[in-house]
Amino acid sequence: MDEQRRVAAFLATHDMETEPAYRLLDLSSELGELAKEVCTSTDYGHRPDDVTVPEDELGDVLFALLALAEELDVDAGTALESSLAKYERRIEETGDAGSGR
């Protein structure tokens, strides 16, 4: 995935490599910021049609996820393809993409 290679190059250029556990914490933090934006823009769910997500906040989540994939030596594109195939199988088998919890 080109985006993952760009993130990897950025991390290397700026000496930002770190342990996967820290990448996961960063990803969780960025997701929290995204959730805050959704909560705030919808008045905590009272106006669900008003949801807004700033592009840079979504970008922060993507950066953190791709950085985690890089630190885990997982190709994000391959992981996405595996996930899509899993959802397609579920839809074919059950008519629903959910895990059937």
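Read the figures in this text as sums done on the coordinates, not as results from a lab. Worth saying up front: this structure is predicted, and the values here are computed from it rather than measured. No Cβ is skipped: glycine too gets one built from the backbone with ideal geometry, and neighbour counts run over all protein chains shown.
Results, tabulated for the structure shown:
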| quantity | calculated |
| --- | --- |
| Fraction of alpha-carbon pairs over 22 Å apart in the chain - percent | 49 |
| Set of region 47-86 residues, backbone N closer than 19 Å to the point 7 Å along the Cα-Cβ line of Lys36 | 51-65 |
| Sites Ala21 and Ala79 - FRET efficiency at Förster radius 30 Å, r taken between beta-carbons, to 0.05 | 0.95 |
| Rel. contact order, % - alpha carbon contacts under 8 angstrom, at least six apart, region 1-84 | 42 |
| FRET efficiency, His46 to Ile91 (Cβ-Cβ, R0 41 Å, nearest 0.05) | 0.80 |
| Calculated FRET efficiency for the pair Asp2/Leu72, C-beta based, R₀ 25 Å, to 0.05 | 0.85 |
